[in-house]
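The structure appears right after this line, and notes come after that.
Each reported figure results from applying straightforward, stated rules to the coordinates on display, with no laboratory input. Predicted, not measured: the structure shown is a model, and the values here were computed from it. FYI the Cβ positions are ideal-geometry reconstructions off the backbone, even for glycines, and counts take in every protein chain you see.
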Amino acid sequence: PEIEVDLAWWELMDARQRRSLGRQLADTVAKCRRALKPTIVTLSSYTNEPKAHLEAIGSAKWPVVRDARDTWKRRRERTARVVYLTPDADEALEGLEDGVTYVVAGLVDRPVRKNCTRDAANLHGCEVRRLPLREFRGAMKRRREGILNVDVVVHILLRYRDNGGDWAEALQAALPDGKATPHRLQPRRIAVVTPPRTPP
């Protein structure tokens, strides 16, 4: 399967969040390098500000596909099935299939933007799935759920693929531990925003 990181959310983030996303993408590349099998990672909407910011931290040397097209134009121009991963989807992802592109939003989601990625995918008629965190909650000892970093989502997918299809082990291995830090103890604000729109 191909993993695509959708950078179209860039304008919704402030400078600090963009720096955080850059670190997450660098960690994503490092995890892909350590995976047992080769992995195609694509950065879509790789143009203008996202491109300039990421190239300043070395993205030109990353072993990834850099595509200026957004997720939806790529989807229209290719035959591959596309699944957008969002925590707000009703259905859980059951497994990974060859020939399918799994899209992860390149968005540092603080405050939480409820339904933002799901609504964008629905707007374009794209399938949506969530990671099966609820279904395997009992197996995730002292692991933290909630909004996950891009590198954590990719690590879960890679671990699941490499371990032969064991979600419980993949989640236990990839999710951060549940130790509380002061900022995690603070209530999270919920922001409702309009997803970025592109021509149909």
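What the table below lists for this structure:
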read-out	value
Whole-Hz ³J(HN,Hα) from phi, Karplus 6.51 cos²θ - 1.76 cosθ + 1.60, for region 69-78, glycine and proline x	5, 7, 4, 6, 5, 4, 5, 5, 9, 10
Total charge dipole magnitude, region 47-95, about the Cα centre, Cβ charges on Lys, Arg, Asp, Glu only, Debye to nearest 20	440
Pairs of Cα atoms farther than 19 Å apart, region 32-158, %	55
FRET E, pair residue 76, residue 98, Förster distance 30 Å, beta-carbon r, rounded to 0.05	0.90
Gain in span if fully extended, residue 26 to residue 147, counting 0.36 nm per residue against the direct Cα distance	41.7 nm
Ellipsoid semi-axes in whole angstrom, largest first, where each is sqrt(5λ) of the Cα gyration tensor of region 32-81	20, 19, 6
